[in-house]
Amino acid sequence: MDGRGNGFRMTRARAAILDVLERTRSHPTADELHRSMRRRVDGVSLATVYRGLDALIRDGRVRVVEMQGGPRRFDAVSGDHYHVLCGRCGRVGDVALRLRAPLESAVVGNGGFRVTGHQLCFTGLCPACDSGREKARETSAGRRGRWQSRERRQRRTS
């Protein structure tokens with residue numbers, strides 16, 4: 001839903017919020033946005049950030065990304081896409097898939113609902129956490145190998 005042209009006023013703070021969101025892929029929280037904006041807009045308060053986000057959401061320029069059990073994050077609307085959440089560190093990434101029409105049609109066909117939108121979030125491990133898991137597995141295997149070698153030596157001497 002795009003409310004552009006319906007009395008929306010692009011203030012300096014709203015423009016700065018939108019600029020930060022368009023330049024980042026991290027899907028920041030309101031607090032993270034506030035920290036980033038304090039460097040750009042003198043005297044901007046957290047309340048101003050929240051009010052600006054609310055206005056941009058109502059105008060259809062920003063969407064809320066809500067992950068189960070996590071903080072509300074924000075995303076500049078840039079076409080249909082989905083999100084993936086790292087189950088270890090909480091990082092959120094974009095996933096470009098064209099599934100909107102088929103998914104919404106399936107819901108209409110199965111339940112008779114008139115679909116007005118949907119959110120889909122995948123979960124997994126980001127590359128940094130996944131490579132950390134591999135390193136942990138290798139380290140664990142190395143320890144296991146040393147332990148097994150020590151056990152074999154003790155059996156030979158007994």
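Quick notes on this one:
- Of all residues in the range 15-24, those satisfying the criterion of being in a helix (DSSP H, G or I), surrounded by fewer than 17 Cβ atoms within 10 Å (Cβ to Cβ) and within 21 Å of the chain's Cα centre (by Cα) are Asp19, Glu22, Arg23.
- Just one residue in the set Phe113, Phe74, Phe122 is of a type outside the set (Gly, Ala, Ser), at pLDDT 80 or above and in contact with a Ser or Thr (Cβ under 8 Å, 6 or more places away or on another chain); that residue is Phe74.
- Check on Leu46, within 21 Å of the chain's Cα centre (by Cα), more than 26 Å from Pro127 (Cβ to Cβ) and not assigned by TED's automatic domain parsing to the domain that holds Leu103: yes
- Of all residues in the range 70-111 being surrounded by 15 or more Cβ atoms within 10 Å (Cβ to Cβ) and over 28 Å from Cys129 (Cβ atoms), the one that is nearest to the chain's Cα centre (by Cα): Arg100
- For the condition among the charged types (D, E, K, R) and modelled with pLDDT of 90 or more, Asp42 does not qualify.
- Residue in the range 26-38 that is surrounded by fewer than 18 Cβ atoms within 10 Å (Cβ to Cβ), over 18 Å from the mean Cα position of the chain (by Cα) and more than 27 Å from Cys89 (Cα to Cα) present: no
The values are calculated or read from the model by the stated rules, or taken from the named source; none is laboratory data. Note that the coordinates shown come from a computational prediction; the quantities given were computed from them, not determined experimentally. Cβ: placed from backbone, ideal geometry, glycine included. Neighbour counts: every protein chain shown.
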